[in-house]
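**Q** Below you'll find the structure I mean.
The values are calculated or read from the model by the stated rules, or taken from the named source; none is laboratory data. Just so you know, these numbers come straight off a predicted model, no measurement behind them. Cβ placement follows ideal geometry from the backbone for every residue including glycine, while neighbour counts extend to all protein chains displayed.
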């Protein structure tokens, strides 16, 4: 018996809307071979439609019989749709657990439509929405609090200056120490308040941005500040197009993250094996700030430091939260604000020996 030849893969105009979906959608022909896969499915299966069309979808899973069984049931129209949890096999990586929804199509006859969703996908989207909402609340709180602090600070400083001028000459030297403490501490708090308000004061200057020019600027600044013991590696995708954005804000964003990483790498620098990786890729069909984009910049700042302490890992983007003694806790807050002003998201994956800050920004 001759082997069954799979049908030719297709991207008909009638399926164009499926390319916009966040979920992976696959169409199988009557033989069980892949006839169509949208962009999200190509990402999930880590292969192109051209390559996928030469194999059966069930071969991608650790439990292929289960998928074949529910597809057969769908072709017999025993159910309107069938749902099944499957384990996607991935070379060199842990299996990815996905939820499948299988439906039979009237046309072409015998064809099956399968939607595949990562179990964690909806949790990730919910988490991003919560982070975005919490960030908005934090920014409003900080702005209001900073404005409330500014006015009395100015009065305290002014009163201390007047008091210093009226001090009797006999005790002026001793008492001026106290007034100077008041003035200096008021100035320190004023600087802190100004930093809290900085993202809301500076105008958003938009122009054409080449992300690799941004990264090269950050790299040169970092190597000038940390000339020995630190290696900064480049892993760039040269095909990434320019996009509209505020170049100075993006430089400050990456610099804040890289600078935090370098400070955490102090012990590795002494041993000469501190490393930061600047990596760029293109992501397809992603949701950023509740909006769906066909293309996005996928930027990673990775270091081999000790990792972020578990007790603050979920709060690192909150104002005044720092894992370093003497840190202001404003660098990552500022980075998050600038990324959100570019309609993007920033997230972090950290464990001992590996910390990855990932920035996703929409591309044209």
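**Q** When you scan the stretch 102-118, how many residues do you find that are surrounded by fewer than 16 Cβ atoms within 10 Å (Cβ to Cβ) and part of a strand (DSSP E or B)?
**A** The qualifying residues number 1.
**Q** Mind checking which residues of the stretch 331-344 are at pLDDT 90 or above and either assigned to a strand (DSSP E or B) or out of contact with any strand residue (DSSP E or B) (no Cβ under 8 Å at 6 or more places or on another chain) (or both)?
**A** If the condition is that a residue be at pLDDT 90 or above and either assigned to a strand (DSSP E or B) or out of contact with any strand residue (DSSP E or B) (no Cβ under 8 Å at 6 or more places or on another chain) (or both), then no residue fits.
**Q** Show the residue pairs that are 6+ apart or on different chains and have beta-carbon atoms under 6 Å apart, the first residue being within the stretch 253-275 and without any contact (Cβ under 8 Å) to a residue 12 or more places away in the chain and assigned by TED's automatic domain parsing to the domain that holds residue 337, the second being part of a helix (DSSP H, G or I) and surrounded by 23 or more Cβ atoms within 10 Å (Cβ to Cβ).
**A** Every condition considered, no pair remains.
**Q** Ok, one more. Going by what's in this entry, would residue 227 be described as over 20 Å from the mean Cα position of the chain (by Cα), surrounded by fewer than 15 Cβ atoms within 10 Å (Cβ to Cβ) and assigned to a loop (DSSP other than H, G, I, E, B)?
**A** Spelling it out, residue 227 is indeed over 20 Å from the mean Cα position of the chain (by Cα), surrounded by fewer than 15 Cβ atoms within 10 Å (Cβ to Cβ) and assigned to a loop (DSSP other than H, G, I, E, B).
**Q** Moving to a separate point now. From the residues in the stretch 62-85 that are touching a helix residue (DSSP H, G or I) at 6+ places or on another chain (Cβ under 6 Å) and in contact (Cβ under 8 Å) with a residue 12 or more places away in the chain, which one is surrounded by the fewest Cβ atoms within 10 Å (Cβ to Cβ)?
**A** By that ranking, first place goes to 68.
**Q** From the list 302, 312, which one is assigned to a strand (DSSP E or B) and within 11 Å of residue 350 (Cβ to Cβ)?
**A** None of the other options fit; the residue is 302.
**Q** Out of everything in the stretch 263-285 that is touching a strand residue (DSSP E or B) at 6+ places or on another chain (Cβ under 6 Å) and in a helix (DSSP H, G or I), what residue ends up being surrounded by the fewest Cβ atoms within 10 Å (Cβ to Cβ)?
**A** 269
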